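Here's the structure we're looking at; comments come further down.
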């Protein structure tokens, strides 16, 4: 959840955007993190921030469930 790709996936999903153009150039782990971020953003309410002051929020972790 702390990876850049996870955050980008969450941001893109919440904004209603599709996949990033450079997604296919990422490593498998980067792609999985991005996918997990998109999945997290689907389940977590928009009012739940992923990070605050550079750290994952307790509320974000509660919505992580089985995706991490």
Note down the relative contact order for the stretch 1-55 as a percent, whole number, built from C-alpha pairs under 8 angstrom at least six residues apart. 50
Largest first and in whole Å, give the semi-axes of the chain's equivalent ellipsoid, each being the square root of 5 times a Cα gyration tensor eigenvalue. 19, 12, 11
Mind ordering 6-16, 38-48, 55-65 by average Cβ neighbours within 10 Å, highest first? 6-16, 38-48, 55-65
Extending each Cα 7 Å along its Cβ direction at residue 26 and residue 4, get the distance between those two points in nm, one decimal. 1.1
Direction-averaged shadow area of the convex hull around the Cα atoms of the stretch 11-50, nm²? 2.8
Within the chain, helix-based [θ] at 222 nm, where runs of 4 or more DSSP H residues each add -39,500 (n - 2.57), nearest 500: -14000 deg cm²/dmol
In degrees, nearest 10, the alpha-carbon axis of helix 4-14 is tilted away from the dominant principal axis of the alpha carbons of the chain by 80
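The numbers here are math on the coordinates, done by the rules we state, and not lab data. None of these values were measured; they are calculated from a predicted model. Ideal geometry is used to build each Cβ from the backbone, glycine not excepted, and the neighbour counts take in all protein chains shown.
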